[in-house]
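Below is one structure, written out as structure tokens; comments come after it.
Just so you know, all these numbers are worked out from the coordinates, no wet-lab data involved. These numbers come from a predicted model, not from an experiment. Quick reminder, even Gly has a Cβ in these numbers, built from the backbone with ideal geometry, and neighbours come from all protein chains shown.
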Amino acid sequence: MTTTVKKQRPRGRTRISSKRQVTIPVAAATAAGLRIGEQLEVRADGPGRLTITRVGDPVDDAAGLLDGCYEPEYLEKLRAEWR
């Protein structure tokens with residue numbers, strides 16, 4: 001019986017598969033706060049360099065952008081004009 005020994009890569013390193021897929025090392029993903037199922041955007045930042053960024057929810061990204069733009073109770077005054 002022959003036993004195959006898997007060669008260990010240094011921690012934090014990965015390899016590009018024949019399908020151009022890459023596995024993000026657990027320690028790096030955890031440190032970046034990435035969770036399973038999240039969408040990521042990958043951009044080339046020059047030869048041999050990629051930037052991976054979490055894709056945010058557009059609604060969450062826009063929430064709170066207009067805080068402080070309107071005076072308190074502005075919405076109530078506007079609704080009163082419609083009546």
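Could you tell me which chymotrypsin sites (Phe, Trp or Tyr not before Pro) in the range 35-83 are loop residues by DSSP with no more than 13 other beta carbons within 10 angstrom of their beta carbon?
Sites meeting the loop and neighbour criteria: Tyr70.
Before anything else, pin down the relative contact order of the chain: Cα pairs under 8 Å, at least 6 apart, normalised by residue count, whole percent.
13 percent
Run the numbers for Ile16 and Glu73: contour at 0.36 nm per residue of separation, minus the present Cα-Cα distance, in nm.
Answer, rounded to one decimal: 14.9 nm.
Let me see the pair-distance distribution of the chain: every alpha carbon pair, 10 Å bin width, integer percents in order.
Values per bin, smallest distances first: 11, 27, 21, 14, 12, 9, 3, 2, 0.
For the range 11-58, what does the alpha-carbon gyration tensor say about shape, rounded, prolate or oblate, given a ≥ b ≥ c as the root eigenvalues, a/c under 1.5 as rounded, and a/b over b/c as prolate?
oblate
May I ask which residue of Thr3, Leu50, Gly64 lies farthest towards the positive end of the charge dipole of the chain, with charges of +1 (Lys, Arg) and -1 (Asp, Glu) on Cβ and the Cα centre as origin?
Checked the options; the winner is Thr3.
Residue-wise, which Karplus ³J(HN,Hα) couplings in Hz belong to the range 64-77, taking 6.51 cos²θ - 1.76 cosθ + 1.60, θ = phi - 60°, and x for glycine or proline?
Going residue by residue, I get x, 5, 9, 4, x, 7, 10, 5, x, 6, 4, 5, 5, 5 Hz, with x marking Gly and Pro.
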